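**Q** Below is one structure. I have some questions about it.
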Amino acid sequence: MENLLSIKDLVVKFYTYEGVVEAIDGANIDLKAGETLGLVGETGCGKSVTSLSVLVLVPPPGKIEGGRAILKTKGRSFDLLSQGDSFLRGIRGEEISMIFQDPRSALNPVYTVKDQVGEVFLHHRLKELCERVLDGIEKDLSKGNSLKNFIYRLERKIYRTMLKNPKSFPLKILSRIPLVKWYQRRLMNEVKKEVVRILGLMKIPDPERVAEMYPHELSGGMAQRVVIAMALGCNPELLIADEPTTNLDVTVQAQILELIRELKGKFESSVLYITHDLGVVAELCDRVAVMYAGNICELANVMEIFKNPLHPYTQALLESIPRPGKEFRTIEGEVPSLINPPQGCRFNPRCPKATELCLQRKPVLTELENDHFVACHLYAGNL
Amino acid sequence: MGPAVKELKFILSRVEQSPLSVAGIAIIVFYIALALLAPVLAPPPYGDPYMIPHERWFPTPQPPSSKHPFGTAEGQLDIYYGVVWGTRTAFRIGIWVVAVSLAIGLITGTISGYYGGVIDEVMMRFTDIIFAFPALILCMAVVAALGPGLDNVLLALVLVGWPFYTRLIRGEILRVKQEDYVEAAKAVGCSDLRVLVRHILPNSIYPVLIVATLDIGAVVLTAAALSFLGLGAPTGYADWGQMINYSQNWIWSAAGNPWQYWYVFIIPGLFIFTFVLGWNLLGDALRDVLDPTLRRR
Amino acid sequence: MSLIRRESLMSAFIQTKELKKYFPVTGGVFRKKVGDVRAVDKVSLGIDKGECFGLVGESGCGKTTFGKTVIRILKPTAGHIYCDAPSDKMEEITKLENSSQSSHELKKLRKQYDLAIFGGRKLKHVRRRMQIVYQDPTTSLNPRMLVKDIVGEPLAVQKIAKGAERRRRVIEMLNMVGLTERHLYRYPHEFSGGQRQRIAIARALVTRPDFVVLDEPTSSVDVSVRAQLLKLFQKLQSDLDLTYLFVSHDLSVVECISDRVAVMYLGKVVEMAQTAELYREPLHPYAQALFSSIPIPDPARRRRRAPLKGEVPSPVNPPPGCRFNPRCDKAVEICRREEPDLVDVGNRHFVACHLLRG
């Protein structure tokens, strides 16, 4: 299978008052087309920053200092980290979409659902919508009387200009004049139809009514579906989901996971699913990447990871899942501060199998067996 | 006291980073020094130091000279003396009014915010009444009723100013009141008073203090306006607003040269302006430093 | 009347009877009461001494409200909370309650043991015996207080210790939760999430309470810290002879630490049993749906059960009859009319469902 997204040697640093936080130190991830890749790790390990880096949305004082994020789409490859702003804006929402943890803060409280989901369509699918509007105008022209036809012809002219040059100056002015703005209703009708369609795909009951609601009227699960609708509106190739179900109840989480499974099939997108919940990973993902303190420790097929974890951190993580009747196993120590990360392998202070080499040199993510990558000196001999 | 020292260092470093903050602090420090050194810089020749000395009586203001560094105003009042001692007056006005308004607002706002219910409703109606009037007009009305004089101006300013603090503190208390640690304190058995003093107030007071520093400048400005209208300090008193009032006739006066007597109003005006500016910058600096959401820890 | 029919009320350390907590909903210009949020609606539960009782349910089911009402952080709207009443007195109370005559005896007993009507000094005195650990340690610690004051405050307020003795106890408590003396003079924001939760635990336990409500104590911390905290809870329970009410929406955590578990939905308990039995074979349709929604960390056992339809209705206007009936695919006529009682179906396994009676 082709690699849809390849992140190579990503380096991200945060310049804070207390010092330079080396958030990500050479991360390598490969995401294949059509698969669901789970990115697992604890708070502070850098998984959110990794996903933000793909879209070049890392907030200051963070800076992407190195590495490449190669996206293969429409037959060409681009390194996202070296592209300009307008190119990236074209990609965001169109080829790559992102959904976040808290649906309430992802939705703007003063705009209705229709406005927010519609915004995605207006930005990326304007031509299509204009063409549909023009078709509608043609139909009206054939039926209307002379007065109405005059108005329709005017509208047709406006929409043809919009089709050719949406950013034209006269259009900008027209769109601000109060009464004249009325021509936009056709466009908004088309937008609403699209919004209702996609809300229906999200299994939201009564999408017509929900489209007119404000975010505060929605429950958590509903709000998250709306956010997913916004993300999938333009049929992106890659959906990045940053802990989308962490804040939701467990039954709602089950609903959303089922939804994501279905949509993945329908839309044929790949999903990068970030979470700290290993149960969700087991339910949803095809492959899993385990991240610790800014490095990828292990990357393998989901069955492999659970049956045969190789990296000591992965092993410890799986051991620490609370199981009834068994004693709680903890991982010794704490996540290190990334301002002065440990030398060599960043896990070595807590690793029960650490060796001399681990304190000196940083292990590189290498392929061991069949598509099972590990970054650990213990397996260096097996290459 | 390790943690307190660390806090202080962090605060200082944040302040250093913003030149405006440094400017604000510098201005205020300058004025404090000026106020403290008034007897040294402009020794009072006789009687009440706040009455500006004048040797002669003619009405025309004299330009700056070696004897009168900033010139003289009408009636030969020494402008230099006036602005130097005026600093003390400004501080007196600003700090006194803000402190008293703050104290009243603290008590009423805390009771209102913490207990809610009928007390809160009634208190809010009181504040509504006062807010209904434009501040300056209300001040004027009060001073007109009580009679002119600096003390009455201060009283009027307090009367107009306290509801603002009440509302502010009440808002903060409403926010803090529902935090978990307040509930936890009550769960341990803390009395209301203890909860207020140890838990709620320390966490709600900071925005209020910031506003208070900004307010010092505003109060001085309002007091100056009232003096300009003739409702403040008596003629010849060392008060910047008073000095501008007294210079009314000489602003844009001479036919050919409107700036002829510039020193009469520009100099006191400049002092007022920079004083208020200093407090504004200081207030901004405090907010930048103390606002937890802007911190990057 | 939903009284639990139990073989023995004897060992219950905390026994609630028909506990209600309603929050008024106001509307209109004059803020008249237009309804109630029925957060806790006639819950009768018994928690044994020394056990860890798990209370699970989704957001809005009332479990947190229940926990806070039991230890009188919130004042109950109705109902009774009997704490540490000797078994013979409890028997007497139950007998008097059942006999439906309002009696002077009953009133006297309640005055002595019913937490719900305590006030003033009596309440303050009993507070040292029941404490709470909150979910989010960032908001449950006063950011402007030093650790030594945070942990020492209960001792001060309850007048248990002063000066050097207080300091000694604070240090002792910090050591028990895994912190040291040098943490005394620091502010909460200087610690990690797990450490802050430990400070909160120290604060809760410093008065040596008997009963601790743990309100989602591991939900805001990392997975690896979670295990550390759970281990700590177990150790403290045995060292200090504590009784826990473990409120959580994380079913897998509750499974590992609780002896018995109750499932709440919209303010009512729908099922209650020994942990192993409940998780192995839940009987109530909601409990079944709930447990089958937990993602299992084992890809070989992926579930493809259809998830529960719909969403939790608002507790202001709960559906008539059994509250779960709109979403229950086994609902029958009686479910829409009558609320089911909580009934013992054997081995102290209680279910509130019409389909499981007789």
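Where a number appears in this text, it was derived from the coordinates with a stated rule and is not lab data. Not measured: the values here are computed from a predicted model. Neighbour counts are summed over all protein chains in view; Cβ atoms, including those assigned to glycine, are modelled from backbone coordinates with ideal geometry.
**Q** Mind checking C:221-234 for the average number of partner chain beta-carbons within 10 Å of each residue's beta-carbon? If you can, show how the numbers build up before the last one.
**A** On the way: counts 2, 8, 12, 14, 7, 6, 10, 6, 2, 4, 5, 2, 1, 2.
Averaged over the peptide's residues, the number is 6.
**Q** Return the average number of partner chain Cβ atoms within 10 angstrom of each residue Cβ along peptide B:198-205. Let's see the in-between values first.
**A** Numbers: counts 7, 4, 1, 1, 4, 4, 0, 1.
Per residue, the average neighbour count from other chains is 3.
**Q** If the convex hull of the alpha-carbon atoms of chain C is projected onto planes in all directions, what is the mean projected area in square nanometres?
**A** On the way: hull surface 85.2 nm².
Reported value for the Cα convex hull: 21.3 nm².
**Q** Looking at chain A, identify the longest residue range that excludes and avoids all chymotrypsin sites (Phe, Trp or Tyr not before Pro) in DSSP loops having at most 14 other Cβ atoms within 10 Å. Write down the numbers at each step before the final one.
**A** Values: sites that count: A:Tyr17, A:Tyr111.
It runs A:112-383.
**Q** Need one value for A:314-322: mean number of C-beta atoms belonging to other chains within 10 Å of its residues' C-beta atoms. Mind dumping the intermediate values first?
**A** Working: counts 0, 0, 2, 3, 2, 1, 7, 7, 13.
For peptide A:314-322, the averaged partner shielding equals 4.
**Q** Which value, in debye to the nearest 20, describes the size of the charge dipole of region A:113-195 about its Cα centre when Lys and Arg Cβ atoms bear +1, Asp and Glu Cβ atoms bear -1, and nothing else is charged? Walk me through the numbers before you get to the answer.
**A** Numbers: 20 positive and 10 negative charges, 54 e Å.
So the magnitude is around 260 debye.
**Q** For region A:215-256, what does the alpha-carbon gyration tensor say about shape, rounded, prolate or oblate, given a ≥ b ≥ c as the root eigenvalues, a/c under 1.5 as rounded, and a/b over b/c as prolate?
**A** Working: a/c = 2.42, a/b = 1.43, b/c = 1.70.
The shape class here is oblate.
**Q** Now a separate question. Kindly put C:Met173, C:Met145 in sequence by how many other C-beta atoms sit within 10 Å of each C-beta, fewest to most.
**A** Lowest to highest Cβ neighbour count: C:Met145, C:Met173.
**Q** Rounded to the nearest Å, what's the spacing between the alpha carbon centres of region A:140-188 and region B:199-262? Just the number, please.
**A** Centre-to-centre distance over Cα atoms comes out at 57 Å.
**Q** Moving to a separate point now. Using a simple charge model, +1 on the beta-carbon of Lys and Arg, -1 on the beta-carbon of Asp and Glu, nothing else, what dipole does the protein assembly as shown show about its Cα centre, in debye to the nearest 20? Mind dumping the intermediate values first?
**A** Working: 128 positive and 109 negative charges, 290 e Å.
So the magnitude is around 1400 debye.
**Q** How big is the antiparallel share of DSSP beta bridges in the protein assembly as shown, given as a percent to the nearest 5? Each step should come with its number before you reach the end.
**A** Numbers: 64 of 101 bridges.
Among the beta bridges of the protein assembly as shown, antiparallel pairing accounts for roughly 65 percent.
**Q** So what is the relative contact order for region A:113-195, in percent, with contacts set as C-alpha pairs under 8 Å and at least six apart? Working shown, then result.
**A** Values: 49 pairs, mean separation 35.1, N = 83.
Worked out over region A:113-195, it gives 42 percent.
**Q** Among A:Arg176, B:Arg92, B:Arg175, what is the fewest-to-most ranking by other Cβ atoms within 10 Å? Could the numbers behind the result be given before it?
**A** Numbers: A:Arg176 9, B:Arg92 17, B:Arg175 14.
Ordered by Cβ neighbours within 10 Å, fewest first: A:Arg176, B:Arg175, B:Arg92.
**Q** Using only Cα atoms, find the angle between the long axis of helix B:117-132 and the longest principal axis of chain B, and express it within 0 to 90 degrees, rounded to the nearest 10.
**A** Relative to chain B, helix B:117-132 is tipped by roughly 20 degrees.
**Q** Something else: Can you put B:Asp180, C:Asp36 in order of Cβ neighbours within 10 angstrom, beginning with the fewest? Walk me through the intermediate numbers first.
**A** Numbers: B:Asp180 20, C:Asp36 17.
So the ranking, lowest neighbour count to highest, is C:Asp36, B:Asp180.
**Q** If you don't mind, another one. Given R₀ = 35 Å, what would the calculated FRET efficiency be for C:Arg280 paired with A:Arg68, taking r from the Cβ atoms and rounding to 0.05? Don't skip to the answer; put the middle values down first.
**A** On the way: r = 51 Å, r/R0 = 1.45.
The value I calculate is 0.10.
**Q** Same structure again: Helix-derived [θ] at 222 nm for the protein assembly as shown: sum -39500 (n - 2.57) over DSSP H runs of at least 4, divide by residue count, nearest 500? Spell out each step's value before the answer.
**A** Values: 39 runs with 482 residues, N = 1038.
Result for the protein assembly as shown, helices only: -14500 deg cm²/dmol.
**Q** Let me ask something additional. Which is farthest toward the positive dipole end of region C:143-282 among C:Tyr187, C:Leu251, C:Ile199, measuring Cα position about the Cα centre, with Cβ charges +1 (Lys, Arg) and -1 (Asp, Glu)?
**A** Checking the options against the dipole of region C:143-282, the answer is C:Tyr187.
**Q** Moving to a separate point now. Which residue, A:Leu154, A:Val117, A:Asn165, has the largest displacement toward the positive end of the dipole of region A:113-195 when charges sit on each Cβ (Lys, Arg +1; Asp, Glu -1)?
**A** A:Leu154
**Q** Helix B:2-17: angle to the longest alpha-carbon principal axis of chain B, degrees 0 to 90, nearest 10?
**A** So the inclination is approximately 50 degrees.
**Q** Check B:Thr60: other-chain or 5+ apart residues with amide H under 5 Å from its amide H, H built from backbone geometry?
**A** HN-HN under 5 Å from B:Thr60: B:Gly75.
**Q** Only Lys, Arg, Asp and Glu count, each charged at its Cβ (+1, +1, -1, -1), so figure out the dipole size of region A:237-358 about its Cα centre, rounded to 20 debye. The partial results should precede the final answer.
**A** Working: 11 positive and 17 negative charges, 68 e Å.
That gives a dipole near 320 debye.
**Q** Over chain C, what is the mean sequence separation of C-alpha contacts under 8 Å (at least six apart), divided by residue count, expressed as relative contact order in percent?
**A** Details: 631 pairs, mean separation 72.8, N = 358.
This gives 20 percent for chain C.
**Q** Taking 8 Å as the Cα distance limit and 6 or more residues as the minimum spacing, I'd like the relative contact order of chain A as a percentage.
**A** On the way: 628 pairs, mean separation 84.2, N = 383.
Value for chain A: 22 percent.
**Q** Could you give the distance between the Cα centres of region C:38-99 and region B:34-72, to the whole Å?
**A** Rounded to whole Å, the Cα centres lie 80 Å apart.
**Q** Checking the a/c ratio against 1.5 first, then a/b against b/c, what shape does the Cα gyration tensor give for chain B?
**A** Numbers: a/c = 2.80, a/b = 1.76, b/c = 1.59.
Because a/c hits 1.5 or more and a/b exceeds b/c, chain B counts as prolate.
**Q** Which of A:Val191, A:Val250, A:Val133 ends up with the largest GNM mean-square fluctuation for chain A, with Cα atoms connected below 10 Å?
**A** A:Val250
**Q** Here's another thing I want to ask about it. Mind ordering A:362-369, C:218-225 by average Cβ neighbours within 10 Å, highest first?
**A** Working: A:362-369: 15.9, C:218-225: 20.9.
My ranking of the peptides, most packed first, is C:218-225, A:362-369.
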